[in-house]
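First comes the structure, then the notes that go with it.
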Amino acid sequence: MSVIQEIAENLQKGKAKVVKQLVQQALDEGINPKEILDDGLLSGMMVVGDKFKRDEVFVPDVLVAARAMNNGIAILEPKLIEMGSKSIGKAVVGTVKGDLHDIGKNLITMMLKAAGFDVYDIGVDAEPEAFIEKAEEVSADIIGISALLTTTMSNMEDVINLMKEKGVREKYIVMVGGAPVNEVFAKNIGADYYTEDASSCAEVAKKAVLEKNK
């Protein structure tokens with residue numbers, strides 16, 4: 001098995017220390033950092049994402065795999081910056097005001113990173129202004145809004161309404177998700193996309209940004 005395959009396999013098992021060592025080994029062997037990222041780390045994470053979508057693995061499995069991926073990326077990042085590795089786009093993600101749940105948001109952050117996005121996580125209990133300020137600051141393509149409580153769902157609409165007030169709604173692709181959210185609700189509040197899980201979110205985001213930048 002090649003070192004790249006070993007990286008992907010160990011990432012799927014959530015072996016963070018091993019992944020870190022293997023990424024360093026791959027760099028020492030002169031393997032292109034982009035290849036290590038795409039065929040090792042991201043490829044392994046996408047397998048985890050697909051399994052999660054099919055209920056073959058669960059949230060804790062995804063989170064330990066994501067931690068392993070982050071360990072590997074920490075080693076690769078300086079090399080990728082040197083090479084000028086280009087991202088697909090930029091996404092700002094957060095959980096709405098009044099909601100302190102972060103597992104869904106964290107999964108989305110990991111999956112978007114795995115799909116090639118630069119992700120800016122503004123955390124939980126985020127004010128509507130926080131989404132817009134960060135998106136404006138980093139020139140984001142996507143604003144991703146998460147909610148887990150039925151009582152905080154309406155705060156998603158507050159973000160979109162504030163974007164309209166500020167005249168910036170058309171600048172961003174707005175994606176929403178979370179346990180109580182559905183397609184009908186997303187349409188009613190004026191979001192562009194609703195996805196039911198983190199893996200689908202990454203696929204839809206990638207497609208949407210590529211369409212937008214055509």
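The values are calculated or read from the model by the stated rules, or taken from the named source; none is laboratory data. Just so you know, these numbers come straight off a predicted model, no measurement behind them. Cβ: placed from backbone, ideal geometry, glycine included. Neighbour counts: every protein chain shown. Areas reflect the complete protein model, heavy atoms only, side chains present, ligands, DNA and RNA absent. Shrake-Rupley method; radii C 1.70, N 1.55, O 1.52, S 1.80 Å.
Summary of computed values
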{"item": "Complete set of residues in region 68-94 that are in contact (Cβ under 8 Å) with a residue 24 or more places away in the chain and either in contact with a His (Cβ under 6 Å, 6 or more places away or on another chain) or among the aliphatic types (A, V, I, L, M) (or both)", "result": "Ala68, Met69, Ile73, Ala74, Ile75, Leu76, Leu80, Met83, Ile88, Ala91, Val92, Val93"}
{"item": "Index of the failed condition, Ile160 passing every other in (1) at pLDDT 95 or above; (2) more than 26 Å from Ala65 (Cβ to Cβ); (3) open to solvent by 10 Å² or more (accessible area, probe 1.4 Å); (4) of a type outside the set (D, E, K, R)", "result": "(3)"}
{"item": "Counted residues, region 180-214 - those being assigned to a loop (DSSP other than H, G, I, E, B) and surrounded by fewer than 20 Cβ atoms within 10 Å (Cβ to Cβ)", "result": "8"}
{"item": "Qualifying residue in region 70-77 (condition: of a type in the set (S, T, N, Q), over 19 Å from Ile108 (Cβ atoms) and open to solvent by less than 70 Å² (accessible area, probe 1.4 Å))", "result": "yes"}
{"item": "Sole residue being within 27 Å of Lys86 (Cβ to Cβ), under 18 Å from the mean Cα position of the chain (by Cα) and either modelled with pLDDT under 95 or among the aromatic types (Phe, Trp, Tyr) (or both), chosen from Ala205, Ala135, Ala198", "result": "Ala198"}
{"item": "Odd one out for Val96 among (1) open to solvent by less than 50 Å² (accessible area, probe 1.4 Å); (2) within 15 Å of the chain's Cα centre (by Cα)", "result": "(2)"}
{"item": "Check on Asp141, in contact (Cβ under 8 Å) with a residue 60 or more places away in the chain, open to solvent by 20 Å² or more (accessible area, probe 1.4 Å) and on the phi < 0 side of the Ramachandran plot", "result": "yes"}
{"item": "Qualifying positions in region 49-58 - assigned to a helix (DSSP H, G or I) and more than 18 Å from Glu9 (Cα to Cα)", "result": "Lys53"}
{"item": "Residue match in region 33-50 (condition: without any contact (Cβ under 8 Å) to a residue 24 or more places away in the chain, within 20 Å of the chain's Cα centre (by Cα) and closer than 19 Å to Lys113 by Cα)", "result": "yes"}
{"item": "Out of Ala126, Ala26, sole residue that is of a type in the set (A, V, I, L, M), more than 20 Å from Gly178 (Cα to Cα) and without any contact (Cβ under 8 Å) to a residue 40 or more places away in the chain", "result": "Ala26"}
{"item": "Counted residues, region 163-179 - those being open to solvent by 30 Å² or more (accessible area, probe 1.4 Å) and more than 19 Å from the chain's Cα centre (by Cα)", "result": "6"}
{"item": "Tally, over region 71-108, of residues that are closer than 13 Å to Gly177 by Cβ and touching a helix residue (DSSP H, G or I) at 6+ places or on another chain (Cβ under 8 Å)", "result": "11"}
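Residues are listed down the side, and each one gets a yes or a no for (1) of a type in the set (Gly, Ala, Ser); (2) open to solvent by less than 20 Å² (accessible area, probe 1.4 Å); (3) within 20 Å of Asp197 (Cα to Cα):
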site: Val3; (1), (2), (3): no, yes, no
site: Glu6; (1), (2), (3): no, no, no
site: Lys17; (1), (2), (3): no, no, no
site: Asn32; (1), (2), (3): no, no, no
site: Gly44; (1), (2), (3): yes, yes, yes
site: Arg54; (1), (2), (3): no, no, yes
